[in-house]
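Reviewing the structure listed below.
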Amino acid sequence: MAGKRTFTMIKPDAIGNGFMGAIIDHIIKAGFKVVALKYTRLTVEDAGKFYEIHKERPFYGELVNYMSSGPIVAAILEKENAVEAFRKTIGATDPTKADEGTIRKLYAKSIAANAVHGSDSDENAGIEGSFFFAKREICE
Ligand code: CMP
């Protein structure tokens, strides 16, 4: 059964370009409930650990440097079938391939600086949420 939670980060490009508020608003208007929220900055070590599943990919170094280059917003979101619903809301990883009206189509510039992260499975949503939030920081 599909889970009701997913995890997202608003990435440094979107924060730097002044889209933090618009993206949070877009997420809420798309029917997601924010159950945990944090404005923070990843160290190179943090970003390396978070994206460890991509360690063998050619873009790993670029991704880690980029994700530690400025502040991010981390959040846990709730909705029925949350992982799939959120991936539809954000659009394709490459913003040039994202559908009209999606967050990446509206706010992203490139595949690396693609405005937001969204978990790709229920299992990873749990792991990624726990990376940023203690149990007491998640509001049921
Ligand atoms: P995200 O959803 O955060 O998950 C992994 C990230 O790796 C992805 O979004 C992209 O920002 C990044 N990524 C994927 N493919 C490439 C690529 N070819 N070049 C640079 N970054 C990439």
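The values are calculated or read from the model by the stated rules, or taken from the named source; none is laboratory data. Quick caveat: nothing in here was measured; it's all calculated off a predicted structure. Don't worry about glycine lacking a Cβ; one is built from the backbone with ideal geometry, like all the others, and counts go over all protein chains shown. Just the protein is used for accessible areas: all its heavy atoms, side chains included, with ligands, DNA and RNA removed. Shrake-Rupley method; radii C 1.70, N 1.55, O 1.52, S 1.80 Å.
At a glance:
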item	result
The chain - percent of accessible surface contributed by carbon and sulfur, probe 1.4 Å	54
Rounded if a/c under 1.5, otherwise prolate or oblate - the range 1-78, Cα gyration tensor axes	oblate
Distance from the range 71-108 to the range 1-19 (C-alpha centre basis), Å	7
Label-point separation, Lys29 to Lys49 (7 Å along Cα→Cβ), nm	3.7
Residue with peak Gaussian network fluctuation, the chain [Cα springs, cutoff 10 Å], from Gly91, Gly48, Gly129	Gly48
Rounded if a/c under 1.5, otherwise prolate or oblate - the chain, Cα gyration tensor axes	rounded
Size of charge dipole - the chain - debye, nearest 20, with Cβ of Lys, Arg +1 and Asp, Glu -1, no other charges	260
Loop trypsin sites (Lys or Arg not before Pro), the range 58-123 (other Cβ atoms within 10 Å of the site Cβ: 16 or fewer; DSSP)	Lys109
Two-site label geometry, Thr96 and Asn124: point separation in nm, points 7 Å out along Cα→Cβ	2.3
Set of the range 60-89 residues, backbone N closer than 17 Å to the point 7 Å along the Cα-Cβ line of Arg41	64-74
For the range 5-134, accessible area per residue (1.4 Å probe, heavy atoms of protein chains only), Å²	49
The range 27-94, relative contact order in percent, only Cα pairs under 8 angstrom and at least six apart counted	47
Mean ellipticity per residue at 222 nm, deg cm²/dmol - from DSSP H runs of n ≥ 4 across the chain, formula -39500 (n - 2.57)	-10500 deg cm²/dmol
Relative contact order of the range 5-134, defined on C-alpha pairs under 8 angstrom at six or more residues apart (%)	38
Residue-span extension gain [Ile111 to Glu80] - 0.36 nm each, minus C-alpha spacing	8.4 nm
Heavy atoms of Asp46: accessible area, 1.4 Å probe, square angstrom to 10	60
